[in-house]
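Just below is one structure, and these are the notes that go with it.
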Amino acid sequence: MSDDSLIIYEEEIQRIDSLLTKLLKGAEAKCALLVDKDGHLITRQGFTHSLDTTALAALLAGAFASTKEIARLVGETEFSVLFHQGKKDHIHMSIVGERSILVVIFDDRTTIGMVRLYAKETADELAKVFSSLNDRPQHDGPEVPADFADSAGEKLDDIFQD
Amino acid sequence: MVSINYATREVSCKIVFYGPGLSGKTTNLQYVHAKVPSDTKGKLISLATDSDRTLYFDFLPINIGSINGFAAKFQLYTVPGQVYYNATRKLVLRGTDGLVFVADSQPDKMDENIESLNNLKENMAEYGYDINEVPIVIQYNKQDLPGVLSVEEMRPILNPCNWPEFRASATEGFGVFDTLKCILKIVLEKAKTGGTSSNSKPSKTTEGQPATPPPTPNATPMATGPVPTGTPSYEPNAQTDTGPIQQPVMTPTPAPALAPAATHTAPAPVPEPPVPNTMAPADQETPALVPTPMPPQPEISRQEVVPQTKRSYRPFPGNTVEEEKNMSSSDGYPGTQMTGQLSHHGSTGTNSDNQSNDAKAMVPRMQASKPRRKRSFFKRLFGLK
């Protein structure tokens, strides 16, 4: 399963962040998150300090996964866009490539149409970034330390004590 | 799958607690949430029914902080244990890096343990995952209860692959952290080895071979109880049968938990050679139990065993005989005739049936609203009385 590991490097994160920032400015949304379909948060931009983005990512990925099953039941492959409407804030989700979800949280200062327009444009750009990431031959970033697991094991022993 | 973010220097792993309904998966997470330091844990999110049965998943993020410049984050999930939630259960399994199988040690729950383990293998196979390559730890939960099966009795059935295993009681807390530490260490080790090479093309030397054997956990897994395993490891064993676990031969035995079911019908002929009764109660002397290689058994599928107990559906915890009779007309999944069962269970007013509680919890969503008074509009329109 490690063959499926999602490995993101600093260069890609910078490109992704700049795309998300551009999306936020264009659509006048509050914040944007890029979430792995497994529930891992990849990156975020905008006003996210008051949000529990870790939990949000897991729940949004779960919601997306369940709608995919619903789509399958009605004969669709998947629903590529998901929209939650609230009283003040709304959430727009769209698929990016094979394994990521672009989440945009916005309020009534903008419209769903604007968000949808910019989200689609950004999703296409992000898909290119992920595509180039897959084609990348090998990483050139900092490696995970060799004794990472051993050191983590010691820390786990310290934390998990009855 | 492990997520490695070099920009934020984070390694994120997903651990799923799997097992039959009411085996203690959520209780495991609740214990962890209650006991770990507050700066380590996030908020425990539980998507559950009104009767506190897991509907989709429970989620607990753990962040153990920076280690040599990299932060290790873990996302602990549980799945809904009931049979009819398999669709959502499968969704949670997606992208898992490690599994904890929480088995219920009570003698009458062995059927459900076996069914759940087989279901796990099926669901993993549907995702294209090889269960031999995913770190798995077995937890024999509820060991604090009287009359539970011993690990020696359960191991041949639930853990023929010699995965690391632990005795535990999620309510009292022993064994919970040992289980968690073990799976996290194995997953981290695998993340390190897999993460550094996964982005490059796999070399021919690693292709087609079993996964790199992970380091055996340093601590003996049986820290909470003497369980004589060998060296615990999830190292793939080529000789191990990882196919569906067969039901142990459910011949009528003196075991009290199984005797009532066996007395209803004539027992099926026992295939030779006889298999040691691994379902004996814990307090009964069971000498000469051979834990590992099971003697060659004839192919016994679950369907062949079920008629002995005259059950055409999976028994649910807490169901009474009358309720089982009422459900026998369905297709075996009580959830499919939920509204039909609602009035019956609702009228009894008992809380004994957890499944019916689930059904009651879904009443508002499943039932249609009151019938409209269609004629009133036309009456008003035409001035009729």
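The values are calculated or read from the model by the stated rules, or taken from the named source; none is laboratory data. Just so it is clear, the structure is predicted and the values come from calculations on it, not from any experiment. Every residue, glycine among them, receives a Cβ derived from its backbone with ideal geometry; neighbour counts consider all protein chains shown. Protein only, heavy atoms only, side chains kept; ligands, DNA and RNA dropped before computing areas. Shrake-Rupley method; radii C 1.70, N 1.55, O 1.52, S 1.80 Å.
Can you name every residue in the range B:117-141 that is closer than 19 Å to B:N28 by Cα and either over 13 Å from the mean Cα position of the chain (by Cα) or hydrophobic (A, V, I, L, M, F, W, C) (or both)?
Within the range B:117-141, the subset closer than 19 Å to B:N28 by Cα is B:117, B:120, B:135-141.
Across the range B:117-141, the qualifying residues are B:L117, B:L120, B:P135, B:I136, B:V137, B:I138.
Anything in the range B:34-49 that is assigned to a loop (DSSP other than H, G, I, E, B) and at the interface with chain A (Cβ under 8 Å from one of its Cβ atoms)? List them, or say none.
From the range B:34-49, those assigned to a loop (DSSP other than H, G, I, E, B) are B:36-40, B:42-44, B:49; that's our starting set.
Scanning the range B:34-49 gives B:V36, B:P37, B:T40, B:G42, B:K43.
Per-residue answers, yes or no, for (1) more than 23 Å from B:T96 (Cβ to Cβ); (2) at pLDDT below 95:
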{"position": "B:P135", "(1), (2)": "no, no"}
{"position": "B:Q139", "(1), (2)": "no, no"}
{"position": "B:K142", "(1), (2)": "yes, no"}
{"position": "B:P160", "(1), (2)": "no, yes"}
{"position": "B:E165", "(1), (2)": "no, no"}
{"position": "B:S169", "(1), (2)": "yes, no"}
{"position": "B:G173", "(1), (2)": "yes, yes"}
{"position": "B:F177", "(1), (2)": "no, no"}
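Would you pick out the residues in the range B:1-53 that are of a type in the set (D, E, K, R) and over 30 Å from B:K121 (Cβ atoms)?
At the first step, the residues of the range B:1-53 found to be of a type in the set (D, E, K, R) are B:9-10, B:14, B:25, B:35, B:39, B:41, B:43, B:50, B:52-53.
Scanning the range B:1-53 gives B:R9, B:E10, B:K35, B:D39, B:K41, B:K43, B:D50.
Name, by its number, the condition in (1) surrounded by fewer than 23 Cβ atoms within 10 Å (Cβ to Cβ); (2) facing chain A (nearest Cβ under 7 Å) that does not hold for B:M1.
For B:M1, the failing item is (1).
Check off (1) open to solvent by less than 10 Å² (accessible area, probe 1.4 Å); (2) within 11 Å of another protein chain (Cβ to nearest Cβ); (3) among the β-branched types (V, I, T) for A:I70 and give me the number that stays unchecked.
Against the list (1) open to solvent by less than 10 Å² (accessible area, probe 1.4 Å); (2) within 11 Å of another protein chain (Cβ to nearest Cβ); (3) among the β-branched types (V, I, T), A:I70 comes up short only on (1).
With the requirement that a residue be more than 10 Å from chain B (Cβ to nearest Cβ) and open to solvent by 50 Å² or more (accessible area, probe 1.4 Å), what does the range A:73-86 give you? Walk me through how you get there before you give the answer.
At the first step, the residues of the range A:73-86 found to be more than 10 Å from chain B (Cβ to nearest Cβ) are A:74-86.
Across the range A:73-86, the qualifying residues are A:V74, A:G75, A:E76, A:T77, A:E78, A:F79, A:S80, A:V81, A:F83, A:H84, A:Q85.
Pairs under 7 Å by beta carbon, first residue facing another protein chain (nearest Cβ under 8 Å) in the range B:60-76, partner among the aromatic types (F, W, Y) and assigned to a strand (DSSP E or B), six or more apart or different chains?
B:Q75/B:F59
Consider A:A63 against the criteria (1) more than 14 Å from chain B (Cβ to nearest Cβ); (2) assigned to a helix (DSSP H, G or I): it satisfies all of them except one. Which criterion is unmet?
For A:A63, the failing item is (1).
Being acidic (D, E) and farther than 21 Å from B:D52 by Cβ: is that true of B:E112 here? Steps first, please.
Working: acidic (D, E): yes; farther than 21 Å from B:D52 by Cβ: no.
Considered against the rule, which asks whether it is acidic (D, E) and farther than 21 Å from B:D52 by Cβ, B:E112 comes out as no.
Within the range A:13-24, count every residue that is within 11 Å of chain B (Cβ to nearest Cβ) and either more than 19 Å from A:E125 (Cα to Cα) or open to solvent by 10 Å² or more (accessible area, probe 1.4 Å) (or both). Even if it seems obvious, please write down each step before you answer.
Step one: list which residues in the range A:13-24 are within 11 Å of chain B (Cβ to nearest Cβ), which gives A:13-17.
Filter once more, keeping what is either more than 19 Å from A:E125 (Cα to Cα) or open to solvent by 10 Å² or more (accessible area, probe 1.4 Å) (or both): A:13-15, A:17.
Total satisfying the criteria: 4.
Please specify each residue of the range A:1-34 satisfying the condition of being modelled with pLDDT of 95 or more and either under 28 Å from B:V16 (Cβ atoms) or small (G, A, S) (or both).
Of everything in the range A:1-34, those that are modelled with pLDDT of 95 or more and either under 28 Å from B:V16 (Cβ atoms) or small (G, A, S) (or both) turn out to be A:I16, A:S18, A:G26, A:A27, A:A29, A:A32, A:L33, A:L34.
Among residues belonging to the range B:98-130 that are within 12 Å of another protein chain (Cβ to nearest Cβ) and farther than 20 Å from B:A87 by Cβ, point out the one that is modelled with the highest pLDDT.
Result: B:G98.
If the Cβ limit is 8 Å and pairs must be 6+ apart or interchain, which residue in the range B:111-131 that is free of Cβ contacts under 8 Å to residues at least 40 places away in the same chain pairs with which residue that is of a type in the set (K, R) and surrounded by fewer than 21 Cβ atoms within 10 Å (Cβ to Cβ)?
Sorted first by the residue in the range B:111-131, then by its partner, the pairs are B:N123/B:K90; B:E126/B:K90; B:Y127/B:K90; B:Y127/B:R94.
Just to check your reading of the model, which residue among A:A27, A:A63 is open to solvent by 10 Å² or more (accessible area, probe 1.4 Å) and farther than 23 Å from B:N63 by Cα?
On the way: A:A27 fails: open to solvent by 10 Å² or more (accessible area, probe 1.4 Å).
Answer to the selection: A:A63.
Would you mention how many residues in the range B:182-194 are surrounded by fewer than 23 Cβ atoms within 10 Å (Cβ to Cβ) and either in contact with a His (Cβ under 9 Å, 6 or more places away or on another chain) or at pLDDT 85 or above (or both)?
So the answer is 1.
For the range A:30-57, which residues satisfy the criterion of being within 11 Å of chain B (Cβ to nearest Cβ), open to solvent by less than 30 Å² (accessible area, probe 1.4 Å) and among the polar types (S, T, N, Q)?
Answer for the range A:30-57, where residues must be within 11 Å of chain B (Cβ to nearest Cβ), open to solvent by less than 30 Å² (accessible area, probe 1.4 Å) and among the polar types (S, T, N, Q): A:T43, A:T53.
Would you confirm whether or not the range A:137-153 contains a residue that is more than 8 Å from chain B (Cβ to nearest Cβ) and closer than 30 Å to B:K35 by Cβ?
Scanning the range A:137-153, I find at least one residue that is more than 8 Å from chain B (Cβ to nearest Cβ) and closer than 30 Å to B:K35 by Cβ, so the answer is yes.
Out of (1) open to solvent by less than 10 Å² (accessible area, probe 1.4 Å); (2) in a helix (DSSP H, G or I), what's the single condition that is false for B:I15?
Here B:I15 clears every test but (2).
May I ask you to list pairs of residues, at least six apart or on different chains, whose Cβ atoms are under 8 Å apart, with the first in the range A:3-26 being without any contact (Cβ under 8 Å) to a residue 12 or more places away in the chain and the second being among the hydroxyl-bearing types (S, T, Y) and not in a helix (DSSP H, G or I)?
From residues that are without any contact (Cβ under 8 Å) to a residue 12 or more places away in the chain, the pairs are A:D3/B:S198; A:D4/B:S198; A:S5/B:S3; A:S5/B:S198.
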